[in-house]
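Asks: Pasting a structure below so you can have a look.
Please treat every number below as a calculation from the coordinates, not as lab data. From a predicted model like this one, the values you see are computed outputs, not experimental measurements. Quick reminder, even Gly has a Cβ in these numbers, built from the backbone with ideal geometry, and neighbours come from all protein chains shown.
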Amino acid sequence: MTKFSAVLLATLGASFVLPAAAQFAKPEDAIKYRKNALFVMQQNFGRVAAMAGGKAPFDAKVAAESAAVAEFAAKLPWEGFGPGTDKGDTKAKSEIWTEKAKFDDYAHKLQTEMAKLTVAAKSGSLDNIKVAVNAVGGTCKSCHDDFRAK
Ligand code: ASC
């Protein structure tokens with residue numbers, strides 16, 4: 001084994017055994033991380049949603065780029081919901097940790113619909129984008145209804 005692949009394996013191994021919460025120095029960092037990831041996601045999704053809703057002029061290139069960033073950002077927040085991150089500057093409800101399978105399902109559904117939005121945006125069809133925006137928005141809403149305090 002080369003030195004490089006040994007280091008690579010050690011790094012990959014470590015990333016699988018570390019609990020998610022240990023990837024942050026303190027719970028506040030995890031909370032900040034997930035909120036910032038969700039903010040970046042929402043800003044990019046919102047830009048595409050504004051075009052779909054006729055509130056912003058349709059720009060196919062901006063829509064495609066924004067959707068791709070939103071899709072990527074949608075992968076990030078979840079590691080910030082580790083154990084011990086339920087208290088602090090957050091609207092996250094405690095049910096996130098007691099009904100984790102349901103929360104994880106919503107997180108996966110969001111990512112699936114975000115991937116479809118990227119495909120729709122790349123197609124350049126505003127009609128396709130509208131359908132995908134509605135599907136993504138539905139996943140945002142159902143998770144907020146169950147798991148975000150008002
Ligand atoms: C957004 C945003 C949400 C969702 C939701 C869809 O842009 O910030 O929380 O869409 O409003 O119903």
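Asks: Toward the positive end of the charge dipole of the stretch 30-84, about the Cα centre and with charges on Cβ (Lys, Arg +1; Asp, Glu -1), which of ALA70, MET41, GLY82 goes farthest?
Replies: With unit charges placed on the Cβ atoms, the residue in question is GLY82.
Asks: Another question, if that's okay. Between PHE58 and ALA101, what's the calculated FRET efficiency when r is the beta-carbon distance and R0 is 35 Å? Round to 0.05.
Replies: Working: r = 38 Å, r/R0 = 1.10.
The formula returns an efficiency of 0.35 here.
Asks: Additional query: A 19 angstrom limit on the alpha carbon distance is what I want to check against. Which of LYS35/LYS150; LYS35/LYS122; LYS32/LYS75; LYS87/LYS141; LYS35/LYS75; LYS32/LYS91 exceed it?
Replies: In this structure, LYS35/LYS122; LYS87/LYS141 exceed 19 Å between Cα atoms.
Asks: On full extension of the chain, what length is gained from ASP89 through LEU76, given 0.36 nm per residue of separation minus the C-alpha to C-alpha distance? Write down the numbers at each step before the final one.
Replies: On the way: separation 13, 0.36 × 13 = 4.68 nm, distance 1.87 nm.
Extra length available between ASP89 and LEU76 comes to 2.8 nm.
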